[in-house]
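What follows is calculated from the coordinates using simple rules that are stated; it is not laboratory data. It should be emphasised that the depicted structure is a prediction, and the values quoted were computed from it without experimental measurement. Ideal geometry is used to build each Cβ from the backbone, glycine not excepted, and the neighbour counts take in all protein chains shown.
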Amino acid sequence: MPLLPLLPIFHRLNREHFDGTLAVDGQPLSSVRWSDGRMSRTAGFYRRGPGIGDGRGSEIVLSKPLLEPLPVEATESTLCHEMIHAWVDLVLRRRESHGPRFRQRMEAINAAQNQFQVSVRHRYPVPVKPPRWWAVCPSCGSRYPYRRRISNAACRRCCDQHHGGRWHHSCVLQFEAAV
């Protein structure tokens, strides 16, 4: 399904489930946008801090690669999930991740409608990328897939078994490019 503009969905969800508290004079309190295409392991996130979200101090970002192939309900559910984070933070002025206020609002939204379900964790299919590197333990020969090389990473099993759980240079993984 092609990507939909997020602001109309945001404003509808804000009216329906947040009593319009996440916008002032038609402008969202947080910036709302699609990711640049690199976000492939999580469906969305909410964050706040200085210089974030076009100077608004917070933003909601949804994953373009993860949500684009899915039905619109996945986008609505994910956006609503992130809007709950924004509501707890900006309206209630509380710092909690998936705490009691978050869960209470999530349950109320799920009870009020049946178009989509908000959950704490998504179950969307995450594209599996092949490893770029194989890390090989020189002691036991175990192979571990890695996306990037990490210096001084050691085989935990060998460190535990032969060195009392402490890092040892003899267990440092050797990286081979994956073919």
Legend entry - Helix-derived mean residue ellipticity, 222 nm - over the chain, DSSP H n ≥ 4, -39500 (n - 2.57), to 500: -9000 deg cm²/dmol
Legend entry - Check: the chain dipole with +1 on Lys, Arg Cβ and -1 on Asp, Glu Cβ, in debye: 800 debye
Inset, instruction - Note down the relative contact order for the stretch 6-112 as a percent, whole number, built from C-alpha pairs under 8 angstrom at least six residues apart. - result: 24 percent
Legend entry - Residues Asp19, Asp25 arranged by fewest to most Cβ contacts within 10 Å: Asp25, Asp19
Inset, instruction - Rank the residues Glu68, Glu107, Glu82, Glu76 as a footprinting-exposure proxy: fewest other Cβ atoms within 10 Å of their Cβ go first. - result: Glu107, Glu68, Glu76, Glu82
Legend entry - Read-out mean projected area of the Cα convex hull in nm², derived from the coordinates shown; its label in (1) 16.4; (2) 14.0; (3) 13.5: (2)
Inset, instruction - Let me have the relative contact order for the chain, percent, based on Cα pairs under 8 Å that are six or more residues apart. - result: 16 percent
Inset, instruction - Would you mind checking which residues have amide H under 5 Å from Ile52's amide H? H placed 1.01 Å from N; only 5 or more apart, or other chain. - result: Gly57
Inset, instruction - Determine ³J(HN,Hα), in whole Hz, for all residues of the stretch 122-132 in sequence, where each value follows from phi through the Karplus function 6.51 cos²θ - 1.76 cosθ + 1.60 and θ = phi - 60°; x replaces Gly and Pro. - result: 7, 10, 6, x, 9, x, 8, 9, x, x, 8
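What number, in percent, do you get for the relative contact order of the stretch 50-128 if the mean sequence gap of Cα pairs under 8 Å and at least 6 apart is divided by its residue count?
Across the stretch 50-128, relative contact order equals 30 percent.
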Legend entry - Positive-end residue, the chain charge dipole about Cα centroid, Cβ charges, pick of Val128, Trp34, Pro138: Pro138
Legend entry - Neighbour-count order for Cys158, Cys171, fewest beta carbons within 10 angstrom listed first: Cys158, Cys171
